[in-house]
Every structure is written in structure tokens, then in C-alpha cells.
Amino acid sequence: MNEVQVGLLVLTITLFVFLTGIDLAFAMIIMGFLGFGYLISFHAAMNLLAKDFYDVLNSYGFTVIPLFVLMGQISFNSGIAKRLFDAAHKFIGHIPGGLAMATVMGATVFKAICGSSAATSATFAFVAVPEMDRYGYDRRLSTGVVATVGTLGILLPPSVTLIIYGIITDLSIGRLFLAGIFPGLMIATFFVGVIYGWCKINPAVGPKSEKYSWGERIKTIPEVLIVVGIFSLVIGGILGGFFTPTEAGSVGTFLVLILSLARRDITIKGYIKSASESVRTACMVMMLIAGSTVLGHFIAVTKIPMITADWLISLTLPPSLIVILIALIYLIGGSFIDDLAFMILATPIFYPAIIKLGYDPLWFGILISITIMMGVVIPPMAICVFVVKQITKEQFSTIYAGVYPFLIALLLGGVMVFIFPQIAIWLPSVLMPG
Amino acid sequence: MGGYLVFVEKLSKLMNVIAGTALSFIMLLTVADVILRYFKMPIVGTFEMVGLGGAIAIGFGMPITSVFRNHIFVNDFVEKFPKTGQNIINIATRLATIAIFALISYNLFLFSSSLLRSGEVTLTRQIPFYPIAYGLCFCCFAQCLVMIGDIVKVFGGTYE
């Protein structure tokens, strides 16, 4: 067998090994080791194992991940989300579907300091669903919206997904953060549009709640401003060249912590809990990166990325159709394993093709992120839906029935970014020309 | 059997405390550096200390992540098998994981020893690399202990 055949065989076996219940990161390490050992030598593969493992863990660049995860975890445990939801509730709760729209708006602001999809869905499942239950909202709408709003964090900075994409492709994390802002806000607006349309067709799904006075509304504004201020400092610091992403993660975490401690929203015990949970989440992500690094070295030896790129550009298909096919591969592949894991696995293979086809890598990152947003709410591996089910004890069929209308918004967002790449690449080209 | 599982869990929790402390340390160190930098008093070697701290945070968090099964895995297919089949697959995957982490641990030990012999240190603070490499070697060993714990649970009928 030649290198390419060995590569394809090992990748196929890897996908089957994923189904055995083994941790995906460990499967990547094992298969990368075996493949590299077979093609080069097992002595070299053993050296590669230790070196890759040490290099990934002992890397300043990668410390950005645990720091932004910690920032999100403190935000998750400190009740900031509830205040943001309350603020949005007071402004728009009185219109049909207003509480669901408030969930979207609260989550959009919350995403500015919390990069985890599952944590956002969990937070708003705790905060917003009981409130929507109180006003008689249809459970399809209430559970569907909280499951879907979590996905916004994949696009809106500080997105862990975009950080990982940036690390894999060696792109500026600051530019990727900027590229995600307009598509993320656009999709959030589409979510609000879906709620409006749904409630217009069937007003019973989202009844009006009480109306608040302007005085009560204005009182909630400082909360939103504080979160927006922290976000602006973190992102502005990266854009202005004042901070590295790691420093931005540290400063953001520190500010959220001080704010939460000062308001007694979190205790020292709560912080310890946040740090402990962050270590586990960050470790999960970092092990995936370590696994993909080992597997990636093997894939590089097989020359599959280059051959795939050459093969794809030699196809007589229009380049845009090739990109659609790649996006579909991400969507389908992510459905069978895990969307983030599949992105880590597939990006080194398809990225060279995208570059050779002449597409903007930032745009591709945003497009892939939108497919991941769809992946985390569609079966079988719908992590945000699993989280909402666990908290609300609602049936899967009900939650999925609520998620599907929002998938239309996600699909529309993807189509818009696909047709109009400027939605993603205009902001970084203006604020952070590369 | 029960004693072994308690030991593994306690060890993992202890290592998690170290990991959490390292994470908090790198956060505070970086913030201090950012602030002091504007007073023209940067903390020399922050870059390398944060890198080393990150290795401790992630490496020492590895066993507890496995104890709580926070790593991503796909169980739907295995769950279609009868209990015996599931047990066989679970034992096989844990044995494979033990084998790979034993290899990583052994090679990190060799790597650490070479770092110790060569006296390699960081550029500015002159911090030796070998203690971190030995630490990661220990973390991989602890990971093997957690996986052995999984096998113990399978045999004890308590693995979920």
C-alpha cells in the first residue's frame, strides 16, 4: 500500500474506532501513533507522541483556551445571565413571543463573555424556561429557543470554536473574532424573526407578559453596559494590539471575577467550582487538539491534504459547489462524532483546498462555524438539545420540534454568508487589515 | 476494589486542585503583567511562566476529566450491544488507552531525563523544563490509573 492508501485506511478505521465509546481524543492519538509508526517507524512514532503531547500542553498560545473557558464558567455560575435576561424581558417581554426574543437578546449579550454553547443553553434553560412556563409559553418554543441560542457563541467572540480554528489554521484570532460579529448578530436577528413569525401565525405559543415602566427598564441598562464594557475591553485590547488573546482572556476573566465577587454573585467556593469545571472543559478541548496534532502529523506524512486539495481543484465542478460539498461533509461528519472534534479532524485536510481555490480563510472559518451551529442542535449528536432536555426534563420530540424553525434561520444565515462573504470579512478588513 | 477506586478519585481530585491553582495563577500573573507593563515594570518571563502553568493546568486536570467522563465520546453504537458485548468493548478501549498513555508516559520520562541532563532552561527566567516534563509524565501515569479504575468498575458491574 502507498502512503495515501494507508492514510485513507487509517482515517476510515479511526471513524469506526470513534464508535466504540473510546474518548475521541484518545482514539486520534492511538490511530495517529499507529499510522505514523507504520509509515515511518515506531521508534519515531514514540518520540512524536511525547514531543507532540509536551508541545501542545506547554504552549503559551493554547493557554487562551482555558482562560476564556474560565471567563465563561464564572459568568455561568454568577447569575449575570439572569440579569441580562431580566433586562431584555423588561424591554420586550410585553410583545407576543417577547420572552423568547428576550432570551435571544440576553444570550447574545451573554455570549460576549461566555464562549461555551452548552453553558449558554444550560444557563438560559435555568433562567428563561421557568419564566416562559409562568406566562404559558408553548414548550416547543421555550425549549427550542434556549437550545438554539447557545449556538450563537460559536460565532460571537470570544468563541472557543473560532480560537481553535485560528490555532489550527494559524490565522489571527482577533480577525476571526471580528469576522464572527456581523454573521452572529445577523443570525440572532433571524432568530428573533422566527419567533415573531411563529407567534404571528400561532399567538398561543408565545403570549404577552406584563409591561414594565420606562423607569424600571432604564434601571436594567447598567447591567448590559457592564457586560458590553468588558467585551469591548477584551476585544478592543486584542484589536488595538494592547493584549495578546491570552492576556485578553486573563483580563476578561479577572474583571468578570471581580465584578461577581463585588456583587456577591459568586463566593470563593463558587470560584473554586468554576475553576475546577473550567479545567475539565479546557482539558477536553486540549486533549482533542493534542489528538489532532498527533493524527495531523500522520496525515501530513500521507500527503492527503495536498492530494485532496489538488483533486478538489481539478474537479470540473464550480468552486462554490466544492465549498458546499465540504460544508456538507462537516455537517454530516459532525453529526456522527462531534462537531468540534470533526472540525479539528477535517480542517487540516480541507483547508489547503480552500486556499488553493482562492477563498478567504476567515470566510471559510465562519461558514464552517455556521455548519457547526447547525450540528450542535440536530440529531444524533445535539449537545445543546441534550443539555436542555436534562434541565427541563422535556421530551426530545418537543425540543426538536422547537429547534427546527430556528434551523431555517441558521440555514438562511449560512446562505447569506456564502453569497455575501463581505458580511464576515468586511469588519476585519476595516478594523484589523491583515 | 473499592479502595482502589477511592484512591484514584482522591488522587484525581488532588491533581485537579493543582490544575485549578495553576489556572488561577496564570490568570493573575498575566493580569499583573498587563497592569505593571503600563508602569514600565513588566514581570520578566511571564510568557514562559504562563506556558508552563498552562501545561500544569491541563496535564493535572486530565485524570479528573476522565473520572467525570468529560471527554467527548460516542456511546450510541456500543449501547446497542448486549451487556457482555459492551463490557468487552469497554475493556478493549480502556486497555488501548492504557497502552497509549503508558507509552506517552514512558517517552515523556525519557524526554524529561534528556532535558535534565542537558540542563535546558527557559530563555529569560532560566526555569528548568524538566520538572514540567516529569510532571506531565506523572499525569499520563495517573491517566492509566483512571483507566484501570474503569476496568475495575466494568468487572464490578458498576461501570455506566
**Message:** Can you find a residue that is at the interface with another protein chain (Cβ under 10 Å from one of its Cβ atoms), in a helix (DSSP H, G or I), among the acidic types (Asp, Glu) and surrounded by fewer than 16 Cβ atoms within 10 Å (Cβ to Cβ) anywhere in the stretch B:39-59?
**Reply:** no
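Would you list the helices (runs of 4 or more DSSP H) that sit entirely within the stretch A:224-329 and hold 2 or more residues that are within 14 Å of chain B (Cβ to nearest Cβ), touching a residue at least 12 places away in the same chain (Cβ under 8 Å) and touching a helix residue (DSSP H, G or I) at 6+ places or on another chain (Cβ under 9 Å)?
Numbers: elements: A:245-262, A:268-302, A:304-314.
Result: A:245-262, A:268-302.
Taking the stated definitions as given, is A:Met343 at pLDDT 90 or above and either surrounded by fewer than 20 Cβ atoms within 10 Å (Cβ to Cβ) or not aromatic (Phe, Trp, Tyr) (or both)? Even if it seems obvious, please write down each step before you answer.
Working: at pLDDT 90 or above: no; either surrounded by fewer than 20 Cβ atoms within 10 Å (Cβ to Cβ) or not aromatic (Phe, Trp, Tyr) (or both): yes.
The answer is no for A:Met343.
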A:Gly93 vs (1) more than 10 Å from chain B (Cβ to nearest Cβ); (2) crowded, with 24+ Cβ neighbours inside 10 Å: all pass except (2)
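Of all residues in the stretch A:218-236, count the ones that are among the charged types (D, E, K, R) and surrounded by 15 or more Cβ atoms within 10 Å (Cβ to Cβ). I'd like the intermediate steps shown before the answer.
The initial filter retains those residues of the stretch A:218-236 that are among the charged types (D, E, K, R), namely A:219, A:223.
If we keep only those that are surrounded by 15 or more Cβ atoms within 10 Å (Cβ to Cβ) as well, we get A:223.
Selection size over the stretch A:218-236: 1.
Quick grid of which residues meet (1) at negative phi; (2) of a type outside the set (D, E, K, R):
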site	(1), (2)
A:Gly79	no, yes
A:Arg83	yes, no
A:Ala88	yes, yes
A:Gly93	yes, yes
A:Lys111	yes, no
Counted residues in the stretch A:32-51 being more than 7 Å from chain B (Cβ to nearest Cβ), buried (at least 24 other Cβ atoms within 10 Å of the Cβ) and out of contact with any Gly (no Cβ under 8 Å at 6 or more places or on another chain) come to 1
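Specify which of the listed residues (A:Tyr60, A:Tyr54) is facing chain B (nearest Cβ under 10 Å), buried (at least 23 other Cβ atoms within 10 Å of the Cβ) and more than 21 Å from the chain's Cα centre (by Cα). Don't jump to the end; show me each part of the working.
Numbers: A:Tyr60 fails: buried (at least 23 other Cβ atoms within 10 Å of the Cβ).
Exactly one residue qualifies, and that residue is A:Tyr54.
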Scanning the stretch A:415-434 residue by residue, those in a helix (DSSP H, G or I) and touching a residue at least 24 places away in the same chain (Cβ under 8 Å) turn out to be A:Met416, A:Val417, A:Phe418, A:Ile423, A:Ala424, A:Ile425, A:Trp426, A:Leu427, A:Pro428, A:Leu431
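In the stretch B:114-129, how many are within 11 Å of chain A (Cβ to nearest Cβ) and not hydrophobic (A, V, I, L, M, F, W, C)? Let's see the steps before the verdict.
Of all residues in the stretch B:114-129, those within 11 Å of chain A (Cβ to nearest Cβ) come to B:114-115, B:122, B:129.
Now narrow it down to the ones that are not hydrophobic (A, V, I, L, M, F, W, C): B:114, B:122.
Total meeting the criteria: 2.
Output the residues belonging to the stretch A:12-22 that are within 11 Å of another protein chain (Cβ to nearest Cβ) and part of a helix (DSSP H, G or I).
Initial filter on the stretch A:12-22 (within 11 Å of another protein chain (Cβ to nearest Cβ)): A:15-22.
Hits for the stretch A:12-22 are A:Leu15, A:Phe16, A:Val17, A:Phe18.
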All-but-one check, A:Ile74 against (1) closer than 30 Å to A:Ser142 by Cβ; (2) within 13 Å of chain B (Cβ to nearest Cβ); (3) at pLDDT 90 or above; (4) surrounded by fewer than 20 Cβ atoms within 10 Å (Cβ to Cβ), failing number (4)
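Looking at B:Asn70, is it without any contact (Cβ under 8 Å) to a residue 24 or more places away in the chain, facing chain A (nearest Cβ under 7 Å), part of a loop (DSSP other than H, G, I, E, B) and at negative phi? Spell out how you get there, then give the answer.
Details: without any contact (Cβ under 8 Å) to a residue 24 or more places away in the chain: yes; facing chain A (nearest Cβ under 7 Å): yes; part of a loop (DSSP other than H, G, I, E, B): yes; at negative phi: yes.
Yes: the conditions hold for B:Asn70.
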When restricted to A:Ile29, A:Ile65, A:Ile113, the only residue of a type outside the set (Asp, Glu), within 16 Å of the chain's Cα centre (by Cα), buried (at least 22 other Cβ atoms within 10 Å of the Cβ) and within 9 Å of another protein chain (Cβ to nearest Cβ) is A:Ile65
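Take B:Ile64 and tell me if it is closer than 30 Å to B:Leu23 by Cα and either out of contact with any Lys or Arg (no Cβ under 6 Å at 6 or more places or on another chain) or in a helix (DSSP H, G or I) (or both).
Working: closer than 30 Å to B:Leu23 by Cα: yes; either out of contact with any Lys or Arg (no Cβ under 6 Å at 6 or more places or on another chain) or in a helix (DSSP H, G or I) (or both): yes.
Yes: the conditions hold for B:Ile64.
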Taking A:Asn2 as the residue in question, decide whether it is within 14 Å of chain B (Cβ to nearest Cβ) and either more than 25 Å from A:Leu255 (Cβ to Cβ) or surrounded by fewer than 24 Cβ atoms within 10 Å (Cβ to Cβ) (or both).
-> no
When (1) more than 9 Å from every other protein chain (Cβ to nearest Cβ); (2) touching a residue at least 40 places away in the same chain (Cβ under 8 Å) are applied to B:Asn90, the one that fails is (1)
Given (1) at the interface with chain A (Cβ under 7 Å from one of its Cβ atoms); (2) among the polar types (S, T, N, Q); (3) within 16 Å of B:Met147 (Cβ to Cβ), B:Ser105 misses just (1)
field: Yes/no for B:Thr21 being in a helix (DSSP H, G or I), closer than 18 Å to A:Leu67 by Cβ and either at the interface with chain A (Cβ under 7 Å from one of its Cβ atoms) or at pLDDT 95 or above (or both)
entry: yes
Of A:Leu11, A:Leu84, the only residue that is within 29 Å of A:Ile181 (Cβ to Cβ), hydrophobic (A, V, I, L, M, F, W, C) and out of contact with any Cys (no Cβ under 6 Å at 6 or more places or on another chain) is A:Leu84
Residues in the stretch B:80-95: is at least one crowded, with 19+ Cβ neighbours inside 10 Å and under 18 Å from the mean Cα position of the chain (by Cα)?
yes
The correct count of residues that are within 18 Å of the chain's Cα centre (by Cα) and crowded, with 23+ Cβ neighbours inside 10 Å in the stretch A:399-408 is 2
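Listed here are the residues, each with its yes/no results for (1) assigned to a helix (DSSP H, G or I); (2) under 26 Å from B:Phe73 (Cα atoms); (3) out of contact with any Pro (no Cβ under 7 Å at 6 or more places or on another chain); (4) not polar (S, T, N, Q).
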site	(1), (2), (3), (4)
A:Ile349	yes, yes, no, yes
A:Pro352	yes, no, no, yes
A:Phe364	yes, no, yes, yes
A:Ser369	yes, yes, yes, no
A:Ile378	no, yes, yes, yes
A:Cys384	yes, yes, yes, yes
A:Gln390	yes, yes, yes, no
A:Ala409	yes, no, yes, yes
A:Gly413	yes, no, no, yes
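The values are calculated or read from the model by the stated rules, or taken from the named source; none is laboratory data. Remember, predicted model here, so these are calculated numbers, not experimental data. Every residue, glycine as well, gets a Cβ built from its backbone with ideal geometry; the counts of neighbours run over all protein chains shown.
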